[in-house]
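Comments concern the structure below.
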Amino acid sequence: MRWEPDVGLPFPTRGGVRLDDQVQTDPVALTTALTDAARAQGATVHEGVRVLGASGSGPVRLRTDAGEVTAGTVVLATGMPILDRGGFFTRMEPRRSYLVSFRGVLPPDGMFLSADQPSRSLRAAERDGEPLLLVGGEGHVTGRGAAESTHLDRLRDWTARHWPGALETHAWSAQDHGTAHGLPFAGPLLPGAEHLLVAGGYSKWGFTNGVAAAMALAGRLTGRQPGWVDLLEPWRGRELAGAGEALRLNATVGVHLVGGWLRPLLGGPDAGAEPRHDVSRVCTHLGGAVRWNDAERSWDCPLHGSRFAEDGSVLDAPATCGLRRV
């Protein structure tokens, strides 16, 4: 690690901290390789099946929209746990961030992350032999703040200023969760409940925190735990270190719970024009008033980050049931 006074970007900077020997990889290719490796070891992988609930302890019975499955141990790795046992939704905050890809310009040499706000991240990619510039940032709590389309527009405007001639190819977003104490969770859903484990709270550092959580849980199951595994335990005394932040998170949730219901009565503006009126605006998790996401055409809950498609079907946890028809 060292200070670099000139980072070689087309806009003024004070320099940056350089980290050598970093890895840039394609997450889709990585996921495919991991899936192939799991199947080679005898695992089966099912896509498009939603888990709706879990009961029992020996074995655990998982209720899904395709039937029931039993297992000795279940790991909930759904971002925000779909089971409210343990109250993880009171210790986590859902956040969205955005990325836009551009062609027609030369990407910078390296990966860059700003230290100031609004955040900006830069990296390169390649598609059909053509270099692409990836510009990310504009993170915010899910379902809160300005209309989602404005965040993408800010990235586009910023890129146009510093890379004139850049031509957009794609735009998308991601959702991740931060924790009150700043570390991910990897351990029992409830104290002593070794049959139900949880992993999440990666704070947008899934390539490192997700791997750490996987190593912690794999070691727990095999009896070969890493020496640092206690740092990720969900039920340790160090949870008190995040108590103040947890209180802030829940106070903000309360404000948005009340504000979401008052907005229609007070005539307050919504984030974007709503497209249809045959689904309920009540989140099926804990009753928050969902808001229309005009960039991704979804209903987003500002309380704990549940998201629903335009027709009301579930996109993101912790909700497991779709919006009701009205």
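Summary table below
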{"quantity": "Residues of the stretch 1-16 classified as surrounded by 11 or more Cβ atoms within 10 Å (Cβ to Cβ) and either free of Cβ contacts under 8 Å to residues at least 40 places away in the same chain or of a type in the set (S, T, N, Q) (or both), total", "calculated": "2"}
{"quantity": "Residue match in the stretch 48-58 (condition: of a type in the set (Lys, Arg) and more than 27 Å from Pro164 (Cα to Cα))", "calculated": "yes"}
{"quantity": "Qualifying residue in the stretch 163-178 (condition: at pLDDT below 95, part of a loop (DSSP other than H, G, I, E, B), touching a strand residue (DSSP E or B) at 6+ places or on another chain (Cβ under 8 Å) and surrounded by 21 or more Cβ atoms within 10 Å (Cβ to Cβ))", "calculated": "no"}
{"quantity": "Glu138 vs. criteria of a type in the set (Asp, Glu), at pLDDT 95 or above and within 23 Å of Asn209 (Cβ to Cβ)", "calculated": "yes"}
{"quantity": "Looking only at the stretch 17-35, and only at residues there that are assigned to a helix (DSSP H, G or I) and of a type outside the set (Gly, Ala, Ser), the one that is least open to solvent (accessible area, probe 1.4 Å)", "calculated": "Thr35"}
{"quantity": "Residue in the stretch 115-133 that is closer than 30 Å to Cys283 by Cα and open to solvent by 40 Å² or more (accessible area, probe 1.4 Å) present", "calculated": "yes"}
{"quantity": "The stretch 282-326, subset open to solvent by 30 Å² or more (accessible area, probe 1.4 Å) and not in a loop (DSSP other than H, G, I, E, B), residue farthest from Gly87 (Cα to Cα)", "calculated": "Arg325"}
{"quantity": "Unique residue being farther than 29 Å from Gly72 by Cα, free of Cβ contacts under 8 Å to residues at least 60 places away in the same chain and among the β-branched types (Val, Ile, Thr) when the list is Thr159, Thr208", "calculated": "Thr159"}
{"quantity": "Subset of the stretch 141-156 that is in contact with a strand residue (DSSP E or B) (Cβ under 7 Å, 6 or more places away or on another chain) and touching a residue at least 40 places away in the same chain (Cβ under 8 Å) - its residue that is surrounded by the fewest Cβ atoms within 10 Å (Cβ to Cβ)", "calculated": "Arg156"}
{"quantity": "Condition check for Ser97: open to solvent by less than 40 Å² (accessible area, probe 1.4 Å), of a type outside the set (Asp, Glu) and without any contact (Cβ under 8 Å) to a residue 24 or more places away in the chain", "calculated": "no"}
{"quantity": "Long-range neighbours under 9 Å by Cβ, at least six apart or interchain, first residue open to solvent by less than 90 Å² (accessible area, probe 1.4 Å) within the stretch 221-232, second of a type in the set (S, T, N, Q) and assigned to a helix (DSSP H, G or I)", "calculated": "Leu232/Asn209"}
{"quantity": "Of the criteria (1) of a type outside the set (A, V, I, L, M); (2) at pLDDT below 95; (3) more than 13 Å from the chain's Cα centre (by Cα); (4) surrounded by fewer than 21 Cβ atoms within 10 Å (Cβ to Cβ), which one Phe185 fails", "calculated": "(4)"}
{"quantity": "Residues located in the stretch 36-56, provided they are of a type in the set (S, T, N, Q) and in a loop (DSSP other than H, G, I, E, B)", "calculated": "Gln41, Thr44"}
{"quantity": "Verdict on Ala40 being at pLDDT 95 or above and open to solvent by less than 60 Å² (accessible area, probe 1.4 Å)", "calculated": "no"}
{"quantity": "Pro118 under 21 Å from the mean Cα position of the chain (by Cα), under 23 Å from Arg14 (Cα atoms) and outside any strand (DSSP E or B)", "calculated": "yes"}
{"quantity": "Complete set of residues in the stretch 82-115 that are under 22 Å from Asp300 (Cα atoms), assigned to a loop (DSSP other than H, G, I, E, B) and charged (D, E, K, R)", "calculated": "Asp84, Arg91"}
{"quantity": "Residue under evaluation Thr159, criteria (1) modelled with pLDDT of 95 or more; (2) surrounded by fewer than 17 Cβ atoms within 10 Å (Cβ to Cβ), criterion not met", "calculated": "(2)"}
{"quantity": "Residues that are open to solvent by 60 Å² or more (accessible area, probe 1.4 Å), over 12 Å from the mean Cα position of the chain (by Cα) and within 27 Å of Val23 (Cα to Cα), drawn from the stretch 194-213", "calculated": "Phe207, Thr208, Val211"}
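The values are calculated or read from the model by the stated rules, or taken from the named source; none is laboratory data. Predicted model only: the values in this text are computed from it and were never measured. Every residue, glycine as well, gets a Cβ built from its backbone with ideal geometry; the counts of neighbours run over all protein chains shown. Heads up: the accessible areas ignore ligands, DNA and RNA and are worked out on the full protein's heavy atoms, side chains in. Shrake-Rupley method; radii C 1.70, N 1.55, O 1.52, S 1.80 Å.
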